[in-house]
1. Do the conditions hold for residue B:114, that is, is it closer than 20 Å to residue A:55 by Cα, open to solvent by 60 Å² or more (accessible area, probe 1.4 Å), within 14 Å of chain A (Cβ to nearest Cβ) and not in a loop (DSSP other than H, G, I, E, B)?
2. On the given criteria, is residue A:21 more than 14 Å from the chain's Cα centre (by Cα), surrounded by 21 or more Cβ atoms within 10 Å (Cβ to Cβ) and either within 12 Å of chain B (Cβ to nearest Cβ) or over 26 Å from residue B:16 (Cβ atoms) (or both)?
3. So which residues in the range B:14-28 are in contact with a helix residue (DSSP H, G or I) (Cβ under 8 Å, 6 or more places away or on another chain), of a type outside the set (Asp, Glu) and open to solvent by 40 Å² or more (accessible area, probe 1.4 Å)?
4. Inside the range B:123-139, can you point out the residues that are surrounded by 19 or more Cβ atoms within 10 Å (Cβ to Cβ) and within 18 Å of residue B:58 (Cβ to Cβ)?
5. I'd like to check something: does the range A:98-112 contain any residue that is open to solvent by 20 Å² or more (accessible area, probe 1.4 Å), within 30 Å of residue B:48 (Cβ to Cβ) and within 12 Å of chain B (Cβ to nearest Cβ)?
6. Give the residues of the range B:55-73 that are open to solvent by less than 10 Å² (accessible area, probe 1.4 Å) and in contact with a Leu (Cβ under 9 Å, 6 or more places away or on another chain), sorted by residue number.
7. Just to check your reading of the model, which residue among B:96, B:108 is open to solvent by less than 70 Å² (accessible area, probe 1.4 Å), out of contact with any Leu (no Cβ under 7 Å at 6 or more places or on another chain) and either on the phi > 0 side of the Ramachandran plot or at pLDDT below 95 (or both)?
Amino acid sequence: MNNNMYVKSNVLIVEADVEIDHHRAERTRKSVDFIMDNMGIDKIIFDFRETQFMDSSGIGLIMGRYEKAKLTGGRVVIANMNSSVDRVIKMSGLDNKICVRNSLSEAIDEMNAYKSKNV
Amino acid sequence: MNNHKAEIVINAVSENEAFARVVAAAFVTKLDPTIEEMADIKTAVSEAVTNSIIHAYDNKGGIIKIELEIKDDVFYVDVIDYGMGIENVKKAMEPMFTTLDSGERSGMGFVFMEAFMDELNVSSIVGEGTRVHMKKRIGSVSDTATEVALHGTKR
């Protein structure tokens, strides 16, 4: 399993790869789905602070997790995108569907607010 | 006349997606591109190669040929596979269209190629393969602002 993800207060925080393409996205998808399925976690934050490159496979990765989390009333929040990742996300329209925050702490606040509304 | 050519042949495996886009980015450095232009080219090549791996060859492997060319200030890249081909190219190029219903593919591959490059041509023969031809002028007017921001001067 990847070591670049951890669970904190029932929220899975994924420190996204430096480059996210189809190859890397598949690996991340497997790890995230394993944790979702085995720990019953459906609240996920993707932290893109390290990510310098992302193609449409990254969009598919986030969309797929969003759809999966939605099934059990969960949520996906994305944070910390640099300008090139942000450009790809805006072009895909993903930001219309998924909550975007500037920093990890804002993303965690957002997730906590969501949890308290949906106990 | 500034003219360079290169050609690489790679196996259609996902590990090679990074290799392919890095080679394309390295090749185009001759034209002194901006960081943004480099990112555009890397994304477009990554999309084309990924399509060949997962669609043309259905993840079963094959051969992908990448032809690179510089003519004056224009960069050309052709990504060629000998896979199953695309039945309806026009439909394949529509945003959000994907033949894979796993929910893991965004259907944005061709949209990104079109957006990040100046020209995109897709020719395909079912059962024979697909050629994705892309073109991008480096240092075009639209990038002048970025250029000034990055280097503090006009080229």
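The values are calculated or read from the model by the stated rules, or taken from the named source; none is laboratory data. Predicted, not measured: the structure shown is a model, and the values here were computed from it. Counting neighbours? That spans all protein chains shown, and the Cβs are built from the backbone with ideal geometry, glycine included. Accessible surface areas use protein heavy atoms only, side chains included; no ligands, DNA or RNA. Shrake-Rupley method; radii C 1.70, N 1.55, O 1.52, S 1.80 Å.
1. In short, yes.
2. Here the answer is yes, as residue A:21 does meet what is asked.
3. B:22
4. Those that are surrounded by 19 or more Cβ atoms within 10 Å (Cβ to Cβ) and within 18 Å of residue B:58 (Cβ to Cβ): B:124, B:129, B:130, B:132.
5. Within the range A:98-112, none of the residues are open to solvent by 20 Å² or more (accessible area, probe 1.4 Å), within 30 Å of residue B:48 (Cβ to Cβ) and within 12 Å of chain B (Cβ to nearest Cβ).
6. B:70 - this is the single residue of the range B:55-73 that is open to solvent by less than 10 Å² (accessible area, probe 1.4 Å) and in contact with a Leu (Cβ under 9 Å, 6 or more places away or on another chain).
7. Going through B:96, B:108 in turn, the sole match is B:108.
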